1. Nothing charged except the Cβ atoms of Lys and Arg (+1) and of Asp and Glu (-1): what's the magnitude of the dipole of the chain about its Cα centre? Round to the nearest 20 debye.
2. At a threshold of 8 angstrom on Cα-Cα distance, excluding pairs fewer than six apart, so keeping six or more, what relative contact order does the chain reach in percent?
3. Filter the GluC sites (Glu not before Pro) in the range 115-168 down to the DSSP loop ones having no more than 13 other Cβ atoms within 10 Å, then list what survives.
4. In what order do Arg47, Arg84 fall by count of nearby beta-carbon atoms within 10 Å, going from fewest to most?
5. If r is the Cβ-Cβ distance from Gln183 to Glu87 and R0 is 45 Å, what FRET efficiency results, to the nearest 0.05?
6. Can you tell me what share of the DSSP beta bridges in the range 8-205 is antiparallel? A percent to the nearest 5 is fine.
7. Could you sort the peptides 107-118, 26-37, 173-184 by per-residue average Cβ neighbour count (10 Å cutoff), highest mean leading?
8. Each residue of the range 125-138 in turn: what ³J(HN,Hα) in whole Hz from Karplus with 6.51, -1.76, 1.60 and θ = phi - 60°, glycine and Pro shown as x?
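Read the figures in this text as sums done on the coordinates, not as results from a lab. Since we're looking at a predicted model, the values are computed, not measured. Positions of Cβ are generated from backbone atoms using ideal geometry, with glycine treated the same way; all protein chains shown enter the neighbour counts.
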Amino acid sequence: MRFIAHFSLFCAGRLLQTKMNIAILASGSGSNAENIARHFSNNKEVRIALIITNKKDAYVLERARTLNIASLIFPKEEWITGERIMEALIDHHIDFVVLAGFLLRIPDVLLHKYPNKIINIHPSLLPKFGGKGMYGDRVHQAVVAAQEKETGITIHYVNEYYDEGEVIEQITCPVLSTDTPEQVAEKVHALEYAHFPRVIEKILFNH
Ligand code: GRF
């Protein structure tokens, strides 16, 4: 019996060591965070180990509870140096960081610790409709106002400038002349749910 207990502990330990631990950063609803967590929930090599937010009332915290994923709140001032966030990532053995609707700039200390290991999703075809202050519905309103014929999503590496890191993948969808910003948002969200987990997997496993 003791041997079996030791053996299972050993196996669990091995599993803990070999799984890649991902942290998701989100400031609001967190529907992408949940979609990614569900995608990887039975994955043998990847674990969504931590959800971090900067807002204490963000709905993503509720989702984290339901999904049984550890969550932490770091208010805005913590993101200036990022030291405590860095400690949390190290404590949770985080290997890779995914921004899904996260609105603050990533501190340099994290960018240096995780080179090419922090990615973001933006709900437009960057460089169009990106940059500081361009998030959520504002993006879709701007797309409709500019009478764009298409929009989409951009998944990119994060660097020190908002929405300017190297593009990993862009996926497009049409914008009809009759589309409202809400309809555009719906199409873009559908693209996010369909492609973000796949692209994360592609980056993690180099395929
Ligand atoms: C998404 O549209 C994402 O592209 C953008 O912020 C939104 C977050 O939505 N960066 P949710 O919180 O995942 O529902």
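1. Once rounded to the nearest 20, the dipole reads 720 debye.
2. 17 percent
3. Glu160, Glu166
4. Ordered by Cβ neighbours within 10 Å, fewest first: Arg84, Arg47.
5. 0.55
6. Of all bridge pairs located within the range 8-205, approximately 40 percent are antiparallel.
7. Sorting 107-118, 26-37, 173-184 by mean packing, highest first, produces 26-37, 107-118, 173-184.
8. The phi angles translate into 8, 4, x, 5, 6, x, x, 4, x, 9, 8, x, 5, 4 Hz.
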